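One structure is given here, and the rest of the page talks about it.
The values are calculated or read from the model by the stated rules, or taken from the named source; none is laboratory data. Model, not experiment: these values are computed from the prediction. We place every Cβ from the backbone using ideal geometry, glycine too, and count neighbours over all the protein chains shown. In case anyone asks, the SASA skips ligands and DNA or RNA and just uses the protein heavy atoms, side chains included. Shrake-Rupley method; radii C 1.70, N 1.55, O 1.52, S 1.80 Å.
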Amino acid sequence: GYRGLDNMLAEIIKVMEEVIKPQLRLHGGDIEILEFDEEKRQLRLRLLGQCCTCPSSISTIDNLIKLNLKDRVKGLEDITVETGLSEEMISLAKELLKIK
């Protein structure tokens, strides 16, 4: 069945509180929601704490954050995670690490 979009935000928060934040906190980091656009189903998050400068934050974003949210929150289209790094730094790092 189709669930309302308010539920989508509730789902996002639930996944973040139960799955993502405990993992990030183990590494001295955290995450916050910057913006959720219901119409476009887009979510903007920001990594906080140690996670901002951690080299493995790129795989954390892809594997922990994006996978869990997309997997558990049906209908979520787009997730952007901001770090303390610029997009340029991230693409450079991905290139060096050979990550698609």
- Tell me which of these Lys21 doesn't satisfy, since it passes every other one: (1) assigned to a helix (DSSP H, G or I); (2) modelled with pLDDT under 90; (3) closer than 12 Å to Ile65 by Cα. (2)
- Selection count where residues are in contact (Cβ under 8 Å) with a residue 12 or more places away in the chain, surrounded by 12 or more Cβ atoms within 10 Å (Cβ to Cβ) and basic (Lys, Arg), scope region 16-43: 1
- Taking into account only those residues within region 60-90 that are open to solvent by less than 50 Å² (accessible area, probe 1.4 Å) and over 19 Å from Ala10 (Cα atoms), which is modelled with the lowest pLDDT? Ile90
- Positions within region 44-59 being out of contact with any Cys (no Cβ under 7 Å at 6 or more places or on another chain) and open to solvent by less than 30 Å² (accessible area, probe 1.4 Å), in sequence order: Leu45, Leu47, Cys51, Cys52, Ile58
